[in-house]
Each structure stands twice: as structure tokens, then as C-alpha cells.
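The values are calculated or read from the model by the stated rules, or taken from the named source; none is laboratory data. Just so we're clear, the structure is a prediction, and the values are computed from it rather than from any experiment. For neighbour counting, all protein chains shown are included, and Cβ atoms are generated from backbone atoms with ideal geometry for every residue, glycine included.
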Amino acid sequence: MKVEANTPAAYELIHKGALALARAERAGIRIDIPYCQQQKKVLTKQVTELTKQVTESKFYHRWRHIYGDKTNIDSNNQLSHILYKVMKIEAPKQTESGQGSTDEDTLSQIDIPELKIILEIRKLKKLRDTYLDAFERENYEGYIHPFFNLHTVKTFRSSSDSPNFQNIPKRDKEAMTICRRALYPRPGHQLIEADFSGLEVSISTCYHRDPVMLAYLNNKKSDMHLDMAKQIFIYEVLNKAIPSNYRMRQASKNGFVFPQFYGDWYRNNAVGICEWVQLPQGKWKKGMGMEMEDGSHIADHFISVGIKCFDDFVEHLKGVEDDFWNNRFKVYKQWKDAWVAKYQAKGSFAMFTGFTCSGVMRRNEVINYPVQGAASHCKLWSLIELDRIMLAEKWDTYILGEIHDSILFDVLPEELDHVKDTILRVTCKDLPAAWKWITVPLNVEIDVYDVDAPWVPRDKE
DNA sequence: GGAACTCGCCAC
DNA sequence: AAACGTGGCGAGTTCC
């Protein structure tokens, strides 16, 4: 497969983007090194304690009996051999190469208490060795300078390394706090993060122009994910403020809608959704799964509507998928089929932004690349423009980096209001004015952190 | 002793 | 009909 910048504007975007990102790299992000060192010690102590618990167990003795001095509780090869060959447990899942899997999902299904400890050790070591250690290693005079690359990714997204600034924990609150507590604004400054919400959905709609999706994007009161949650859970999911309703919406969004857009299918979606609401992949009984607002459980509800096990749920999702593409978003589906047919005839396709992709690609790639690419270019155009303005107006504010559909800034508090206004103008007005193919509204949310505070959201309530 | 591989896991 | 897109990186392991 080959990608090319086929227009002067496409070339210019990459050229200017590289320069703007180089300025972000040079600026760097302030880092609290004493905190990193101290937190690494805390994590090491916890790891040592947990390791001791494992090595004192009967399970470990069995392991040691096989591997002797070579025994290593970090070795998944050894663990796989012990579990599935020595103890003859039936592996719930295989890896790519056919070995019994030892990932989190698999180990948590096996009833050996030491496996829970091993998972906890893995988690703590990940934080210590992948994040805090990398921050300290890359520290130069109190700042890290992650690289942002525009030449490595097939779809024209960016990548980041040394350290990778684009995969610092966020969803797991504890992991997020431990890692992001190390990253600070300049003295007297504050961090803000501007996030394009649902950018790839918006950009895909510029291609397919599905009227139902357009209606969702143009009507702020409508909520696609809430509607999908109602259908998937056969439940009146109405209020995001109720925790169980919110969870069902999250499960629909991240377990069904987005994976479907990437080309996934209902069988995988069923597994994903069950993980979100803590239902097993077998028979369901009353009291199973996440708790609802009235104290009942999600399994009670599913049983009451005739879904009594995982396989019933898979069949239900098959129907939801069919309705999703052949009824709800049928124009989107027609666009996908036509787009792929056109690619098959020509051997290439063009993005809105003046780039072409040619060569052998799978169906899902042909559908995903133009969306991911053009969405990424929207963020890059915005970043270039904001960088230009901040230099021209001599702001004491810096662009620090970007995470695919968001940009992180280090802002002088006196400039905050002006910076926020400028971000919203550039992303929501100037960008669609410059690129006429953007025919849907774009939404940007700006998270503001406190002055002199790390990259950790202030606790609500 | 380094290159290249597998596996697992973080982000969007 | 087929069946999840893009990365970086650490630890363990194997190959040369």
C-alpha cells in the first residue's frame, strides 16, 4: 500500500505540521522528577510485597518444581506452560500463535488466587516501568520532549515516542492519577486540553451523508448512544445521571457503536458488552452482572425479556446489527459498499484532504483510512493555525502535544479566555470555512486544569 | 551481544 | 461474505 500527497495543499499541510510539532517538541512538558522517584519506590515496595505473597504459595512451589532456578513470575511462557500443560486446565483462550493465553481477561476466569496477585503485579509494573521510568529517563532539566511524528502511520494519524505521549493512562482513575501527577504546567501557568468530540463520526458523515446520522449531529438534544443503549439492553435507558443507565450507554458506545464503525461484528460486540456489564459468557442467573438503580441486577432484567444466556444475547445483537446497517444507517451502509466497489475498480481512493491511498487493502482498511486520515488532518490544520496565531500574537502560552483528536496547551492564566476563544474559533469556524467539504458541525470541548496543578482532573463534588 | 520475534497493555 | 482500525513500548525469548 502506498500513500501520496497529491496536491500542493496536502504537501503544505505535512510540511507546516512538522514545523508546528517541532515547536511543541522543543517547548516540552514540565516534569516532577522527585515525585517520579518517590512514586517508583512506593510501587516497588508494593510489587515486592505482592511477589512475596505469590512465592509463599503452593501454586508457586509447583511452578518452581518445574523451572527451578529459571523460575520467573514475569514469564508468561512459563505461566502458560504451568496452567495449561502441567495443571491441565483448559485454556479459555489461545494467543495468535496458538499458545494458551495469559492475558487479564483469561487469568481472571481461572480460579487460582495467585493469578489475581500476578495481575496486580503486572499493573503496578506497567505504571512504574512504562511511564514513570520513561519520564525520568527522558527528563532534561525538568522537562520531557516527546516526539510527534507525521511520517510513521499509514492513515496519516500521528505517532509519538521517547516517551510516547499518546498512551498515558486515562480511563483507570488510579493509574491515571499516578502517571499524570508527574506532569505539570510551567510555574504560574495552567494546562488546558482541547478535545474534538466525536470527530471521526463527524468526518465519516461528510463522506456518507447519511440523513439519520446528520440528524443526530445537527440536533444537540438527540443522543445516538442512548438510543442504541435502549435497543441493545431492551430497556428504557433515559437518564445519563443514573449510574447504571450511564454504564449501559458506555457499553453501547464502546462495545458496539464504535467497533461497528471500525468494521467489527456482533459476536465480538457481545463479548465486549458483557465485559462492560459484568455478565459471563455462559448461562445467566438472577443476581448476576452489574447492579441497577433499584438494587436488582442486569441479568434479572435480561431473563425477564427472554435473554437467558450469552448465546441468546449474541442472537439478539445479530438483530441489532442488522437493524443498525440495513435500517437505521442504511445510507451509511450504501456508501461503504459503493466506496469499496469504487476502490476495487480503481485500485485507489482519495481522501478529502488531497492524499491518495493505493495498493492492496482489506475492506475495513478501505473504509477506515479516509475517515481516520481526514479527521487527523482537521486536528493538524487546527494545530498549525493555533501555533501560527500564538507566535504572531506573542502569547506566553505553549502547545505541548496532541493525542489524535485533542491538543494540550500550557497557558498563562491572563491569556486563558483569549486562548479558549481562539481555539473555538479556529476549530469550529475557521477550519470548516477553509475546508468546504466539512458539511457537519464540529464540536470542541476544553478541559481546564488549575494553576500550578498537574494533569489530573480536579475531583468533582 | 544485538536484532527480531511474541505477548500483553496503554492511548485514540 | 467476512468479521476491529492506528500506534509505542517493556519483558521475555529466540536467533544469529
Q) Can you name the number of the only condition in (1) part of a helix (DSSP H, G or I); (2) within 15 Å of DNA strand C (Cβ to nearest atom) that A:HIS61 fails? A) (2)
(Q) Being surrounded by fewer than 16 Cβ atoms within 10 Å (Cβ to Cβ) and in a helix (DSSP H, G or I) is the filter here; which residues of segment A:64-76 pass it? (A) A:ARG64, A:HIS65, A:ILE66, A:TYR67, A:GLY68, A:ASP69, A:LYS70
Q: Please state which of the following conditions A:MET361 fails to meet, knowing it meets all the rest: (1) within 14 Å of DNA strand B (Cβ to nearest atom); (2) of a type outside the set (D, E, K, R); (3) not in a helix (DSSP H, G or I).
A: (1)
Q. Does segment A:290-309 hold any residues that are more than 24 Å from the chain's Cα centre (by Cα) and either part of a loop (DSSP other than H, G, I, E, B) or more than 25 Å from A:ASP322 (Cβ to Cβ) (or both), and which are they?
A. A:GLU291, A:MET292, A:GLU293, A:ASP294, A:GLY295, A:SER296, A:HIS297, A:ASP300, A:VAL305, A:GLY306, A:ILE307, A:LYS308
Q. Is it the case that A:LEU79 is within 12 Å of DNA strand C (Cβ to nearest atom), at pLDDT 90 or above, surrounded by 13 or more Cβ atoms within 10 Å (Cβ to Cβ) and assigned to a helix (DSSP H, G or I)?
A. yes
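Here is a yes/no grid of residues against (1) in contact (Cβ under 8 Å) with a residue 24 or more places away in the chain; (2) surrounded by fewer than 20 Cβ atoms within 10 Å (Cβ to Cβ); (3) touching a strand residue (DSSP E or B) at 6+ places or on another chain (Cβ under 8 Å); (4) under 23 Å from A:GLY198 (Cα atoms):
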site: A:ALA345; (1), (2), (3), (4): no, yes, no, no
site: A:ALA350; (1), (2), (3), (4): yes, yes, yes, yes
site: A:GLY354; (1), (2), (3), (4): yes, yes, yes, yes
site: A:CYS357; (1), (2), (3), (4): yes, no, yes, no
site: A:ARG362; (1), (2), (3), (4): no, yes, no, no
site: A:ILE367; (1), (2), (3), (4): yes, no, no, yes
site: A:VAL371; (1), (2), (3), (4): yes, no, no, yes
site: A:LEU386; (1), (2), (3), (4): yes, no, yes, yes
site: A:TRP395; (1), (2), (3), (4): yes, yes, no, no
Q. Is at least one residue of segment A:18-41 modelled with pLDDT of 90 or more, touching a helix residue (DSSP H, G or I) at 6+ places or on another chain (Cβ under 8 Å) and among the β-branched types (Val, Ile, Thr)?
A. yes
Q: Name every residue in segment A:40-92 that is farther than 30 Å from A:ALA134 by Cβ and among the charged types (D, E, K, R), in order of residue number.
A: A:GLU56, A:LYS58, A:ARG62, A:ARG64, A:ASP69, A:LYS85, A:LYS88, A:GLU90
Q: Just need a number here: residues in segment A:257-269 that are closer than 17 Å to A:GLN281 by Cα and in contact with an Asp or Glu (Cβ under 8 Å, 6 or more places away or on another chain).
A: 3
Q. Which ranges mark the helices (runs of 4 or more DSSP H) fully within segment A:100-168 that have 1 or more residues being surrounded by fewer than 18 Cβ atoms within 10 Å (Cβ to Cβ), without any contact (Cβ under 8 Å) to a residue 40 or more places away in the chain and within 15 Å of DNA strand B (Cβ to nearest atom)?
A. A:104-107, A:113-125
Q: Of the numbered conditions (1) outside any helix (DSSP H, G or I); (2) more than 30 Å from A:ASP421 (Cβ to Cβ), A:PHE352 fails exactly one; give the number of that condition.
A: (2)
Q. Scanning segment A:99-119 for residues that are modelled with pLDDT under 90 and among the acidic types (Asp, Glu), which turns out farthest from DNA strand C (Cβ to nearest atom)?
A. A:ASP111
